[in-house]
Amino acid sequence: MVKHRWFNSMLLSACLVLLPGCSNTAQPSLYQRLGAEPGIATLVDGLLFEIEHDQRIVHHFADTDIGRFRAMLAEQLCDLTGGPCQYSGSTMQQSHTGFNISLADYDALVAGLINVMQRQQISIADQNALLALLAPMYKDISYR
């Protein structure tokens with residue numbers, strides 16, 4: 001009887017220690033960590049401000065329908081980060097054909113995005129997660 005009580009006590013202790021690791025508490029998506037729809041909207045608006053004030057890249061947006069660009073970028077970021085959106089815009093290659101975007105232009109845009117994320121106090125881990133999702137797109141938007 002003593003061994004049985006000891007065993008039950010040890011089993012109960014083990015369950016209490018292991019239970020939190022077994023619970024179904026999924027980490028929030030990057031979309032949620034960025035602030036969901038309002039956070040993405042703030043991120044996009046901040047990036048538009050950065051673009052407008054960056055003489056290195058603003059010329060690439062001279063003939064852009066900014067309202068559509070804003071909506072498509074927000075939709076794309078929502079989709080990429082695990083939000084409830086499905087991106088409905090053109091491919092990156094289609095929408096950037098003829099813009100002659102260089103690595104320096106891309107880097108300037110990324111620097112602007114980083115500035116916005118820092119102002120929004122987005123964690124470094126979440127900044128890196130978003131940048132990792134965007135980095136592969138360079139091959140589709142750069143000048144050929």
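Derivation of every value follows stated rules applied to the coordinates shown; laboratory data play no part. Treat the numbers as computed from the prediction; the structure is a model and nothing was measured. Cβ placement follows ideal geometry from the backbone for every residue including glycine, while neighbour counts extend to all protein chains displayed.
If the label point is 7 Å along Cα→Cβ of Q27, which residues in segment 99-129 have backbone nitrogen under 15 Å from it? Counting backbone N atoms under 15 Å from the label point, the list is 123-129.
Between T42 and T64, the simple label model (points 7 Å from Cα in the Cβ direction) yields a spacing of 2.2 nm. Summary value for segment 28-141: 36 percent relative contact order, contacts being C-alpha pairs under 8 angstrom separated by 6+ residues. Which distance in nm do the two modelled labels at S90 and F49 give, with both placed 7 Å along the Cα-to-Cβ direction? My value for the distance between the label points is 2.9 nm.
Sorting 83-95, 104-116 by average packing, meaning the other beta carbons within 10 Å per residue, from highest down gives 104-116, 83-95. A Förster distance of 25 Å, applied to the separation of the beta-carbon atoms of A71 and D126, puts the FRET efficiency at 0.65.
For segment 28-141, the Cα-based Rg and Dmax, in that order, read 13.3, 38 Å. Using the Cβ of M72 as centre and a radius below 11 Å, the other residues enclosed give a net charge of -1, where K and R count +1 and D and E count -1.
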